[in-house]
């Protein structure tokens, strides 16, 4: 708890998120370990903050820690989608070229097939003519010539006809060879087209999947951003409530300080009066002894002045630890509040042990208050009187329950049980020591 003034966080825009790796491709497990460690530290820093505010703030910081990873995932997904779309466009272009080559080859094969049909028709026509003329048509035509010139002309004509027949045969053979090659080429092109088609289909599927992942990543990022906005609003509202709780705690701390200071002043005055009375009694006794001696009296005084003051005990300090269980989770001193962004006095020593752990009086004294306070939860306040020339009082805060409600208690008497009531979000005892009505480090007296 604190007795110092606390400023309300004016704007959550100043809230720094839990740090996360800036890398575009962070190691998720390493990032999680880092975030978890920081969140655990936050819980330690906020262990005396109202649980609703602490939980809201931790939830906000956790969300903020996830945002860089979500943004990196979106960036990666968008880049993958862009690469997939480029690959799909290239595959589609390859398919278009392959299909165009296949169409061209089909047209060329069709033209060759037509040429073969025509050549076969010509060859068949020549064959039919030879068959009809029993193979002697050209010779008869030459032998029936009536003049040498006619004979020569007919021989030349016969040669021309034979050349045409030969050309038709060569053309047919060439066309058939070309057809075979074109058919092989077309088969290869069809295989290329089929391969390009499968590739295009695969890249299209990959592009669609990449776009879906990018859409999902964007939705996840948007959801986190919306969640952060809601959580920030919750933290802001809880911060306002926390300011009220802290103001009440301040007022209570001031009230209690005034009560203890008044008791301290009264105790110190009483101690001075007792000391003066003791000194006077000693002086009077010494004077009587001197008078008796001067009168020759041999008697001796049987009175004794006694001793005054409270014993500090033999424990090494006037106060004992309120519990020996658990560990010291926070010492006395200034602390920076991660939500309010102010330095505050942590006015005691915190003992972290399981809820229900017995809490004992640090020294003999009088229970001056025992009950519930909104900030401190269930607590007990013990006035130990003047010890070593100073007035000491101790408080035991955030108890689950109280065992003693007034009267005298001895050192080690169970006054309550450890808990997490009031402004607390985990089982612990907040132990305070007042010296003459002011907070001091408990270690000074333990």
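Every read-out reported here was derived from the displayed coordinates using simple, explicitly stated rules and does not represent laboratory data. Fair warning: this is a prediction, and the values are worked out from it, not measured in the lab. So basically every Cβ, Gly included, is an ideal-geometry build from the backbone, and we count neighbours across all protein chains shown.
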Efficiency of FRET from Cβ geometry, residue 225 and residue 202, R₀ 25 Å, rounded to 0.05: 0.15
Extension gain, residue 106 back to residue 180 (0.36 nm per residue minus Cα-Cα distance, nm): 25.4 nm
350, 184 arranged by Cβ crowding within 10 Å, fewest neighbours leading: 184, 350
Full-extension gain in nm, residue 444 to residue 216, via 0.36 nm per residue minus C-alpha separation: 76.2 nm
Euclidean distance between Cα centres, the range 331-397 to the range 209-272, Å: 20
Added length on full extension, which subtracts the Cα-Cα distance from 0.36 nm per residue, residue 195 to residue 270: 16.5 nm
Least to most buried among 195, 280 (fewest other Cβ within 10 Å first): 280, 195
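Using the number of other C-beta atoms within 10 angstrom as an exposure proxy, rank 398, 391 with the fewest first.
Details: 398 29, 391 22.
Starting with the residue having the fewest Cβ neighbours, the order is 391, 398.
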Label-to-label distance, nm, for residues given as residue 327 and residue 117 (7 Å Cα→Cβ offset): 9.5
Calculated FRET efficiency for the pair residue 248/residue 79, C-beta based, R₀ 56 Å, to 0.05: 0.55
The range 398-446 shape via C-alpha gyration tensor axes, a/c threshold 1.5: oblate
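Decide, for the range 318-444, between rounded, prolate and oblate: order the square roots of the alpha carbon gyration tensor eigenvalues as a ≥ b ≥ c, take rounded if a/c falls under 1.5, and otherwise choose prolate if a/b is larger than b/c, else oblate.
Oblate shape, in that a/c is at least 1.5 and b/c is the bigger or equal ratio.
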